[in-house]
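Here is the structure we will look at.
The values are calculated or read from the model by the stated rules, or taken from the named source; none is laboratory data. Values in this document were obtained by computation on a predicted structure and should not be read as measured data. Heads up, the Cβs are rebuilt from the backbone with ideal geometry, glycines too, and the neighbour counts pull from every protein chain shown. All accessible areas refer to the heavy atoms of the entire protein, side chains included, with ligands and DNA or RNA removed. Shrake-Rupley method; radii C 1.70, N 1.55, O 1.52, S 1.80 Å.
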Amino acid sequence: MGARRLARERALQALYQLESDPKLTAGTALDAAWTAHDDEGPRDPAADAFAKELVTGVQANQADIDKLIEEHSHHWRLERMQRIDRNVLRLGVFELKHRADIPRNVTINEAIELAKNFGNEASSAFINGLRYYEEGQYERA
């Protein structure tokens, strides 16, 4: 598995934990996500750095990200979404808005894969809504 895909998985796990327990810090949640997978070998420094960037970026921009998600998710309030789906969307929107170096189609495909791997059977179709958001509904910051 590539470093960035692994980082996205750990970032998603950390965001899920942070939403479950707001008393946690980003560092604590990420450490827990990495530690849960210690059997995979040592942490890749590049993956660790990217995961930290994703989590802190989502946290720093969460109000704007959530507003965008709500504006573009017709008939779905943020609190009605599955926690995994909501956090996959947050990661994807963060990348789309703040990481111009990552091709949009890569961000969307990675979000769909996260939804397939961590969500329920409907998650990937739900997350695929990012594609429609990406196709002209916003501009990068």
Scan region 67-77 for residues that are over 16 Å from residue 111 (Cβ atoms) and assigned to a helix (DSSP H, G or I) and jot them down.
67, 70, 71
Which of the residues spanning region 20-36 are among the charged types (D, E, K, R) and part of a helix (DSSP H, G or I)?
31
Boolean, residue 99 is surrounded by fewer than 16 Cβ atoms within 10 Å (Cβ to Cβ), over 19 Å from residue 18 (Cβ atoms) and among the basic types (Lys, Arg):
no
Please work out if residue 14 is modelled with pLDDT under 95, open to solvent by less than 40 Å² (accessible area, probe 1.4 Å) and within 16 Å of residue 118 (Cα to Cα).
no
With the condition kept exactly as written, say whether any residue in region 121-130 is open to solvent by 10 Å² or more (accessible area, probe 1.4 Å), farther than 13 Å from residue 10 by Cβ, aliphatic (A, V, I, L, M) and not in a helix (DSSP H, G or I).
yes
In region 1-30, residue nearest to residue 89 (Cα to Cα) [restricted to those that are polar (S, T, N, Q) and in contact with a helix residue (DSSP H, G or I) (Cβ under 8 Å, 6 or more places away or on another chain)]:
13
